[in-house]
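I have placed the structure first, in the form of structure tokens, so that the comments after it can refer back to it.
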Amino acid sequence: MDRDGVLDARAVDRLLISVHTELQRLSEELRIGERLVHLLGPLFTAVRAASGQPGPYRLVDVGCGLGYLIRWLAATNALGTDVELVGVDLDAALAEEAQRLARAENLDCRFVSGNAFDVPEVATVYVSTGVLHHFSGSALAGFFRAQAASPALAFCHYDIAATRLAPVGAWIFHRARMRNPLGRHDGVVSALRAHSDEALLRAAEVSGIRPLVYEPRGAANPFCTTLRPIIGVRPQLEAPLRRALGRDARRLVGRADLLGAGR
């Protein structure tokens, strides 16, 4: 910060890159890549079956940060060669650093800065990890409406599960794993801002999308639940997705099912 109280843009960029580098450890320890592939594999199987068209298909990571998920998917080729991998972040410094890391690792993926719903890289499937709690009220509904208005066929967004233990767990983990005070503070605040399953399903009830929660809070052990996804599919994709999931399809729950279970 200079004498006029204006933040140094380069120092802010360095701080954000440093904090997101520490956040990558969280993604590694929570096995974010494996968690998403457990659902994205069947989801792309459903997309291929329903579309009847060969690829390429495009996965776009909204708010990708340093691109851990996209880089992990590129390194493992977990979704197949017909899926293009693109990360988008509003912060140009983070997107540029993600692209630098991808080049250093010789990975076939791309990163761009901007609004994920405005960039030319139109998605077949949108994903995110740890983004939803940054939205509230009409902004959260607007986030889902933007995806429904796009040509995308589906989305899969992982975020913090809203349990009573989440803030305590976030405090313990971030104190143990993160050195930067900003990262420690953000971890607890993020857990406090987490949305309930019902709130997410209500916000995602937009025209042309069937929203579903995978392993809702009521069906999971709160001591083991850290993140859980909300999935949205075009109506014609729900049946092929459930077929592709096999027995795990019973873990997909819509809002009506969730409200019924709470009676």
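The values are calculated or read from the model by the stated rules, or taken from the named source; none is laboratory data. Note that the structure is predicted; figures quoted are calculated from it, not measured. No Cβ is skipped: glycine too gets one built from the backbone with ideal geometry, and neighbour counts run over all protein chains shown.
A few comments on the model shown:
- Verdict on SER190 being at pLDDT 70 or above, over 19 Å from ALA46 (Cα atoms) and more than 15 Å from the chain's Cα centre (by Cα): no
- Residue count for region 149-166, restricted to those that are surrounded by fewer than 18 Cβ atoms within 10 Å (Cβ to Cβ) and either touching a strand residue (DSSP E or B) at 6+ places or on another chain (Cβ under 9 Å) or modelled with pLDDT under 90 (or both): 3
- For first residues located in region 15-35 and under 11 Å from ASN180 (Cα atoms), partners that are part of a helix (DSSP H, G or I) and among the charged types (D, E, K, R) and lie 6+ apart or on another chain with Cβ distances below 6 Å do not occur.
- Any hit, region 122-133, residues being surrounded by 15 or more Cβ atoms within 10 Å (Cβ to Cβ), at pLDDT 95 or above and among the aromatic types (Phe, Trp, Tyr): yes
- Residues satisfying the stated conditions in region 21-38, i.e. within 15 Å of the chain's Cα centre (by Cα) and part of a helix (DSSP H, G or I): LEU23, GLN24, LEU26, SER27, GLU28, ILE32, GLY33, GLU34, ARG35, LEU36, VAL37, HIS38
- Some residue of region 119-135 being of a type in the set (Phe, Trp, Tyr), closer than 29 Å to VAL189 by Cβ and free of Cβ contacts under 8 Å to residues at least 40 places away in the same chain: yes
- Residues (in contact (Cβ under 8 Å) with a residue 40 or more places away in the chain and within 12 Å of LEU16 (Cα to Cα)) located in region 63-103: GLY65, LEU66, ASP91, ALA93, LEU94, GLU97
- Every residue from region 44-97 that is assigned to a loop (DSSP other than H, G, I, E, B), among the small types (Gly, Ala, Ser) and within 30 Å of LEU15 (Cα to Cα): GLY63, GLY65, GLY67
- Residue identified as of a type in the set (Lys, Arg) and crowded, with 20+ Cβ neighbours inside 10 Å among ARG145, ARG103, ARG71, ARG58: ARG71
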